[in-house]
1. Under 7 Å by Cβ, and 6 or more places apart or on different chains, what pairs join a residue from segment 90-102 that is more than 14 Å from Tyr163 (Cβ to Cβ) and among the hydrophobic types (A, V, I, L, M, F, W, C) with one that is assigned to a helix (DSSP H, G or I) and open to solvent by less than 40 Å² (accessible area, probe 1.4 Å)?
2. Is there a residue being assigned to a helix (DSSP H, G or I), closer than 25 Å to Tyr57 by Cα, open to solvent by less than 50 Å² (accessible area, probe 1.4 Å) and modelled with pLDDT of 95 or more anywhere in segment 99-117?
3. Name the residues in segment 52-69 that are open to solvent by less than 80 Å² (accessible area, probe 1.4 Å) and farther than 25 Å from His85 by Cβ, would you?
4. Mind listing whichever residues of segment 120-129 are open to solvent by 10 Å² or more (accessible area, probe 1.4 Å) and more than 13 Å from Trp88 (Cβ to Cβ)?
5. When only residues in segment 137-186 that are surrounded by 11 or more Cβ atoms within 10 Å (Cβ to Cβ) and hydroxyl-bearing (Ser, Thr, Tyr) count, which is nearest to the chain's Cα centre (by Cα)?
6. Every residue in segment 70-84 that is surrounded by 10 or more Cβ atoms within 10 Å (Cβ to Cβ) and touching a strand residue (DSSP E or B) at 6+ places or on another chain (Cβ under 8 Å), please.
7. Being more than 32 Å from the chain's Cα centre (by Cα), without any contact (Cβ under 8 Å) to a residue 12 or more places away in the chain and part of a strand (DSSP E or B) is the filter here; which residues of segment 187-231 pass it?
Amino acid sequence: MPLLHWVNRNQAEETATQVPYHLLKFEKSYGDAEKAKENLIIQGDNLQALKALLPLYGGQVKCIFIDPPYNTQSAFEHYDDKLEHAQWLSMMYPRLQLLKELLAEDGSIWITLDDNEAHYLKVLCDEIFGRSNFVSNVIWQKRVSPANDAKFFSSDHDNILVYAKQKSCWVLNRLERTDTQNSYYKNPDNDPRGPYVTMPCTNRGGAVYEVVTPTGLVIKEEWRFKKETYD
């Protein structure tokens, strides 16, 4: 499997093991204490926070979502997003190692990034989580109008890299269809497979052949499926 190499990679590989364990210090509770007793808001360096969570939640977390710095070469008020590429990789590597340790066997991690670093992070995650555990690169539209000041292409999307801890154990929780969506599905001929929705059988660029209708009309079209499937 291809690996990324960068300056100080060896040190980055050892960082996670060298971070000391820290005890979390309770500061304040908010709202209904009983309802919120399992919830935590942790303020501090996230590498230290992840190490502090391992003894409590290692191997138990079902879903992780992280929104790391995109490394857009911009400086913001609360953090610096202008890291040299090798520094960014060294920053991400140990954190991903600890996040993997937190995941349950049927857990998953979702990482949002733009095109600045997403493709490098994909290779990094293939190494840490296993390429076979890659689920998908989910593309989400972040703007609906083009940027008129774009020098080359106006990017309208960001990426969400999705990895499972063990893909064979992970099950995607799908949203149930609404009553409105279910109303489109009918079963007028009592098909034993249940309600279904019809769609056109034609498809531009599909297989071309003749179909004879019950009235004897011959239709030559581009069809969605092969002739053998139609027969």
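1. Listed by first residue and then by second, the contacts come to Leu98/Ala16; Leu98/Leu50; Leu98/Lys51; Leu98/Leu54.
2. First, the residues of segment 99-117 that are assigned to a helix (DSSP H, G or I): 99-102.
Still in the running and closer than 25 Å to Tyr57 by Cα: 99-102.
Those still in the list that are open to solvent by less than 50 Å² (accessible area, probe 1.4 Å) too: 99, 102.
So of that shortlist, the ones also modelled with pLDDT of 95 or more come out as 99, 102.
Yes; the residues of segment 99-117 include at least one that is assigned to a helix (DSSP H, G or I), closer than 25 Å to Tyr57 by Cα, open to solvent by less than 50 Å² (accessible area, probe 1.4 Å) and modelled with pLDDT of 95 or more.
3. Applying the first criterion (open to solvent by less than 80 Å² (accessible area, probe 1.4 Å)) to segment 52-69 yields 52-54, 57-59, 61, 64, 66, 68-69.
If the condition is that a residue be open to solvent by less than 80 Å² (accessible area, probe 1.4 Å) and farther than 25 Å from His85 by Cβ, then Ala52, Leu53, Leu54, Tyr57, Gly58, Gly59, Val61 are the ones that fit.
4. Just the residues of segment 120-129 that are open to solvent by 10 Å² or more (accessible area, probe 1.4 Å), to begin with: 120, 122-123, 126-128.
Once the filter is applied, which keeps residues that are open to solvent by 10 Å² or more (accessible area, probe 1.4 Å) and more than 13 Å from Trp88 (Cβ to Cβ), segment 120-129 yields Lys122, Val123, Asp126, Glu127, Ile128.
5. Across segment 137-186, the extreme among qualifying residues is Tyr163.
6. Correct list: Tyr70, Asn71, Thr72, Gln73, Ser74, Asp81, Lys82.
7. Glu210, Val212, Val218, Ile219, listed by residue number.
A quick yes/no check of all residues on (1) touching an Asp or Glu at 6+ places or on another chain (Cβ under 7 Å); (2) aliphatic (A, V, I, L, M):
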| residue | (1), (2) |
| --- | --- |
| Met1 | yes, yes |
| Val19 | no, yes |
| Phe26 | no, no |
| Ala36 | no, yes |
| Ile42 | no, yes |
| Leu54 | yes, yes |
| Val61 | no, yes |
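The values are calculated or read from the model by the stated rules, or taken from the named source; none is laboratory data. Fair warning: this is a prediction, and the values are worked out from it, not measured in the lab. Quick reminder, even Gly has a Cβ in these numbers, built from the backbone with ideal geometry, and neighbours come from all protein chains shown. Surface accessibility is based on the protein's heavy atoms, side chains included, excluding ligands, DNA and RNA. Shrake-Rupley method; radii C 1.70, N 1.55, O 1.52, S 1.80 Å.
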